[in-house]
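Engineer: Have a look at the structure that comes next, please.
The values are calculated or read from the model by the stated rules, or taken from the named source; none is laboratory data. Every value quoted in this text rests on a predicted model; they were computed, and no experiment measured them. Glycine gets a Cβ as well: all are built from the backbone with ideal geometry, and neighbour counts include every protein chain shown.
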Amino acid sequence: MGVFFGTDGLRGKVNVDLSFDIAYKVGNALSILKDKPTVLIGGDTRISGSYLALGLAGGAMSGGARVVDVGVIPTAGVAFLTKNLGADFGVVISASHNSGEYNGIKVFNSDGYKLGDKDEERIERCFIHDKTNNFPEIGRYSQDFNLPKKYRDFLVGTGKYDFGGRTIVLDCAFGAAHRIAPEIFRRLGAKVIAANCVDDGLNINRNCGAVYPQNLVRKVLRYKADMGFAFDGDADRLIAVDSSGRIIDGDMILCALAKYFKKTGKLNGDTVVGTSHTNMAVEHELIKYGIKTVRTDIGDKYVLAKLIENNYSLGGEQSGHIILKDIATTGDGILTAIELTNMLIAEGKSLSEAIDIELYPQTNKNVIVGDKFRVINSEELSRAVAKFSSELDGKGRLMIRASGTEPKIRIMVESKDSILNQSIASAIAAVIEKINDEN
């Protein structure tokens, strides 16, 4: 991970951490990484999206790049089009699940995969040292808002059955899925209740979507729907809700799909890839079915790297990033929702019947800090972590990490004892706050 790029691209508050100038420099750096590249740009619905897209496009064009703006589209749609059209880079202007004052930049290579740490560091070096590529011939800029149709048609093609007879609530978080997700599920035959499917540029992720699934719970119960799917701002996450209002997170989805893929012969190596946050109950449940769980660092790009390295087919995160590697090159919330519905129809089950795992209680706390690297490397915090890890030995897990996208230290405590989890998490949070307050 570089200085500017985190676990999921470059992100920050617009005109505070993430400026027009930075976007320009990232775009220009792409023309340094490759001579006269073709760069696709798409993004979510934030009002700052076009501002940053124009900055990035200008930087790329100054280096001779050909830029094609495809408009509002999920992150996975940019990855798909980049590979499908043979572009050199695909760029997504989005801050994913963050609120509207944030935005971000994610870059995909010509194969539709997110850039690795080394390539991100190469980009950073270009604009940290003010290295620019001012090509004598300025590149060209165009818009093609019909290109996303290729992605929509691809998604419809992944639906193996008629979804007719099912009422599905879709919470699109006022984000990139606001048009495409309802259209696709209707084309597949479902009755769709669309929630937060307006592009107003301001309310993205505000008390809705995958980050706030309680909103979806109310809608599913109100309309007596068979299930509901919630996406985040750029639609690369999926959180589901069953007909009883139970929230189905990424760990539960991953577990269900792993068992289904194993049964249908699609789980390469009989292995699923999770992260250090993947609930222990998933690992224990999958062992019963002869499925091994491999863990990576937090971040879907690390999950993908492990999938590619070992030719595994399925991986994901608790947050709802699910990667179906044999179908797509990145996490895709809409695709995952379709595959989950395919599974339910194939097995003749409801969502509540198909996902019957009980997760171990986890307590998660986020502590806002001034300097997350100083805090996370503190000896005092290390001693506290060692003490409480010893207390949990054999009973659970304790994880402390610096957020890859925000000025926060994240705490996770997991065991079968929820009271113990809360006690330890609060104690660790108090230590972090004390260290943060020290000069």
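Engineer: Would you pick out the residues in segment 31-56 that are surrounded by fewer than 24 Cβ atoms within 10 Å (Cβ to Cβ) and touching a residue at least 60 places away in the same chain (Cβ under 8 Å)?
Structural biologist: Result: ILE32, LEU33, LYS36, ILE47.
Engineer: While we're looking at this one, here's another question. Determine whether segment 11-22 contains at least one residue that is buried (at least 24 other Cβ atoms within 10 Å of the Cβ) and part of a loop (DSSP other than H, G, I, E, B).
Structural biologist: no
Engineer: Starting from residues that are among the hydroxyl-bearing types (Ser, Thr, Tyr) and assigned to a helix (DSSP H, G or I), keep the ones in segment 373-397 and report whichever is surrounded by the fewest Cβ atoms within 10 Å (Cβ to Cβ).
Structural biologist: Taking the candidates together, the pick is SER390.
Engineer: Can you tell me which residues in segment 59-115 are touching a helix residue (DSSP H, G or I) at 6+ places or on another chain (Cβ under 9 Å), of a type in the set (Asp, Glu) and not in a strand (DSSP E or B)?
Structural biologist: Those that are touching a helix residue (DSSP H, G or I) at 6+ places or on another chain (Cβ under 9 Å), of a type in the set (Asp, Glu) and not in a strand (DSSP E or B): ASP88, ASP111.
Conditions (1) outside the structural domain of ARG11 (by TED's automatic domain parsing); (2) over 21 Å from THR275 (Cβ atoms); (3) more than 26 Å from the chain's Cα centre (by Cα), marked per residue:
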position: ARG374; (1), (2), (3): yes, yes, yes
position: ARG383; (1), (2), (3): yes, yes, yes
position: SER389; (1), (2), (3): yes, no, yes
position: ILE400; (1), (2), (3): yes, no, no
position: LYS408; (1), (2), (3): yes, no, no
position: MET412; (1), (2), (3): yes, no, no
position: LYS416; (1), (2), (3): yes, no, yes
position: ILE419; (1), (2), (3): yes, yes, yes
position: ALA427; (1), (2), (3): yes, yes, yes
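Engineer: Exactly one condition in (1) in a helix (DSSP H, G or I); (2) of a type outside the set (Lys, Arg); (3) touching a helix residue (DSSP H, G or I) at 6+ places or on another chain (Cβ under 8 Å); (4) within 30 Å of LYS106 (Cα to Cα) is false for TYR260; which is it?
Structural biologist: (4) is the only condition that TYR260 fails.
Engineer: For PHE145, indicate whether it is of a type in the set (Phe, Trp, Tyr), surrounded by fewer than 15 Cβ atoms within 10 Å (Cβ to Cβ) and modelled with pLDDT of 95 or more.
Structural biologist: yes
Engineer: Within segment 270-277, is there a residue that is free of Cβ contacts under 8 Å to residues at least 24 places away in the same chain, closer than 14 Å to VAL294 by Cβ, outside the structural domain of ILE168 (by TED's automatic domain parsing) and surrounded by fewer than 24 Cβ atoms within 10 Å (Cβ to Cβ)?
Structural biologist: Yes: one or more hits.
Engineer: Being part of a helix (DSSP H, G or I), of a type outside the set (S, T, N, Q) and in contact with a Gly (Cβ under 8 Å, 6 or more places away or on another chain): is that true of TYR151 here?
Structural biologist: Yes; evaluated as a whole, the condition is true for this residue.
Engineer: Could you check segment 348-372 and list, in sequence order, the residues that are of a type outside the set (Lys, Arg), loosely packed, with under 15 Cβ neighbours inside 10 Å and over 23 Å from the mean Cα position of the chain (by Cα)?
Structural biologist: GLY348, GLU353, ASP356, GLU358, GLY370, ASP371
Engineer: Something else now. Can you tell me which residue among LEU221, LEU254 is part of a helix (DSSP H, G or I), modelled with pLDDT of 95 or more and in the same structural domain as ILE168 (by TED's automatic domain parsing)?
Structural biologist: LEU221
Engineer: Is there a residue being in contact with a Lys or Arg (Cβ under 6 Å, 6 or more places away or on another chain), farther than 15 Å from ILE123 by Cα and in the same structural domain as TYR141 (by TED's automatic domain parsing) anywhere in segment 41-60?
Structural biologist: There is no residue in segment 41-60 that is in contact with a Lys or Arg (Cβ under 6 Å, 6 or more places away or on another chain), farther than 15 Å from ILE123 by Cα and in the same structural domain as TYR141 (by TED's automatic domain parsing).
Engineer: Give me the pairs, please: first residue somewhere in segment 98-109 and closer than 20 Å to CYS172 by Cβ, second residue anywhere and buried (at least 24 other Cβ atoms within 10 Å of the Cβ) and among the hydroxyl-bearing types (Ser, Thr, Tyr), beta-carbon distance under 8 Å, and either six or more positions apart or on two chains.
Structural biologist: As it stands, the answer is ASN103/SER94; GLY104/SER94; GLY104/SER96; LYS106/THR75; LYS106/SER94, since those pairs meet every condition given.
Engineer: Scan segment 325-350 residue by residue and report those that are under 14 Å from LEU238 (Cα atoms) and not in a loop (DSSP other than H, G, I, E, B).
Structural biologist: Those that are under 14 Å from LEU238 (Cα atoms) and not in a loop (DSSP other than H, G, I, E, B): GLY333, ILE334, LEU335, THR336, ALA337, ILE338, GLU339, LEU340, THR341.
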